[in-house]
Structures are given as structure tokens and as C-alpha cells.
Amino acid sequence: MSLAPVKPAVPPKAILFDLDDTLWPIAPVIAAAETLLHDWLATHAPKVARQFSIEVLRQHRLAMLKEQPHFHGNLIELRRAGLLAAFEAAGEDPALVDGAILQFLAARNRVQPYDDVLPGLAWMRQRMLVGSISNGNADLDIIGLAQHFKVSIAASDFGVAKPDASIFLAACAALDVAPHEAVYVGDDLYFDVTGAQGAGMRAVWMNRKGSDAHLAAGVQPDAICANFDELLLWLQGQLED
């Protein structure tokens, strides 16, 4: 664990989390969901499956996201738009896209939290308010973690995505805390760390891979933690201030 230079701070009243790659690994989940989706397409929309591999669909989505960055706030709509384009190109019935999306979402929510997450959340819930802010499509009710969070804001519902300050400020307001009384924890230096700090919050970079990317990016998190055990140690110090 590494820390930014000490600066005056009040003990945090709230802690908010990013979800994907902060509370659970998402890459294998998405890979499995995309495989299941493509198998579904092979049965229900075979012309799409034959013309568009998983990788080609992914590349088309990335190109669409680059051209239309507003999709960062609603990734499932990005996926829907990509499928609609593929269905049109292949000459398949676009009415089937809704069913394809349901197949994907069901698999996308089969996540497995890191081993340290549930004990850590239980510790935090006894000491502060806990919330989440996500640009992704995780459904905490389906996953079975909704009870751990007093407030959960998804960019797709809010209408604005991280790193925009407004989504962080809305979460603080929902918890009835000032931004300087809240901590945000996430794995992404841009969307999570700079976004939260730009809103006046303390930001912890959850760096489970031991990266030093913050140095090249010129980003200085308030703390860098490799796991929830380190996060709890840092929080204990903050709470004792």
C-alpha cells in the first residue's frame, strides 16, 4: 500500500465503490457471457453468428464507442446498438435483439467477488455509510450484494457517467455527506480516481495487479491498495484522525 502526501482530512463518513474489477474480476465474466451470447445467436440468428465473430462484434463496438463516447454511460445500449447494426447487415430480424441482450445480461451478472470483499464490506457497514457508483451494467440485486449498499447509482439510470463530477456529487447527496467526508474506491485511474478527486472526494486506487500506471498518467491517488485488507488498514487510520 502506498499513500499520497498527508493532507488535512476529516474522518470519512461514507465510502463508495466502483463495481467491475474493484469488487470482482469482470474480464472472464464478459468473455463467458459473450460466448453464451454467440452460441445463442448461432441458434436464433445464424446469419449474424456466421458473419460476425465475437471479436468482430467487439471491434465494431469499440469503433462505435470511439465515435459516440456518450455510450460510456450506458454500455448495454452500446452492445444493443452493435447488435442492431449486425442484425441489419446480416439480414436478420432485429426484434430478436432484445432476447439476445437478456441472454447476455443473465450471464454478465454471474460474478464472483474477490475473497476479501464480503468481509471488508461487513466491516465498513458497521463504521460508515456504503454506496456504489458504476458505469457498468452489474445488477446488485441479481448478484446478491444489494444489501451491502445504502445507495447505488448506475450511469445508465443517472444519465451521466464517471468521471463527470455530477454523478459523484449525486451519490454524496443521496448519503447526506459532503464530498470531503466521502471516499471513493475504484480500479480505473481516469474514471474513478480523477473523477472522484475532481468532485472533492478522497480517492483510493484499487490496484490488485501492482501496476505503476499512475506515475506515467500523473495521477496521485489518496491511497493505493492492492486488496481490501490494505484498504481497511488505510480506513482505520483515516477514522482515527
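Brief remarks on what is shown
- ARG127 contributes about 110 Å² of solvent-accessible surface, heavy atoms of the protein only, 1.4 Å probe.
- Ordered by solvent-accessible area of protein heavy atoms (1.4 Å probe), largest first, the residues GLU55, GLU88 come out as GLU88, GLU55.
- Solvent exposure ordering (accessible area, 1.4 Å, most first) of THR22, THR35: THR35, THR22
- The portion of the accessible surface of the range 33-103 made up by carbon and sulfur, rounded to a whole percent, is 58 (1.4 Å probe; DNA, RNA and ligands excluded).
- Reported value for the range 41-199: 127 Å³ per residue, from the convex hull of its C-alpha atoms.
- Note on HIS70: accessible area is roughly 120 Å² with a 1.4 Å probe, heavy atoms of protein only.
- Candidate residues TYR190, TYR184: accessible-area rank, largest first, probe 1.4 Å: TYR190, TYR184
- Taking a straight line from the alpha carbon of LYS162, these lysines sit under 21 Å away, with near neighbours fewer than eight places off in the same chain left out: LYS66, LYS150.
- Dipole magnitude of the range 17-129, debye to nearest 20 (Cβ charges: Lys/Arg +1, Asp/Glu -1, about Cα centre): 100 debye
The values are calculated or read from the model by the stated rules, or taken from the named source; none is laboratory data. These numbers were taken from a predicted model, which means no experiment stands behind them. Note that each Cβ is placed from the backbone with ideal geometry, even for glycine, and that neighbours are counted across all protein chains shown. Ligands, DNA and RNA are stripped out before the accessible areas are found, and what is left, the full protein with its side chains, is counted by its heavy atoms. Shrake-Rupley method; radii C 1.70, N 1.55, O 1.52, S 1.80 Å.
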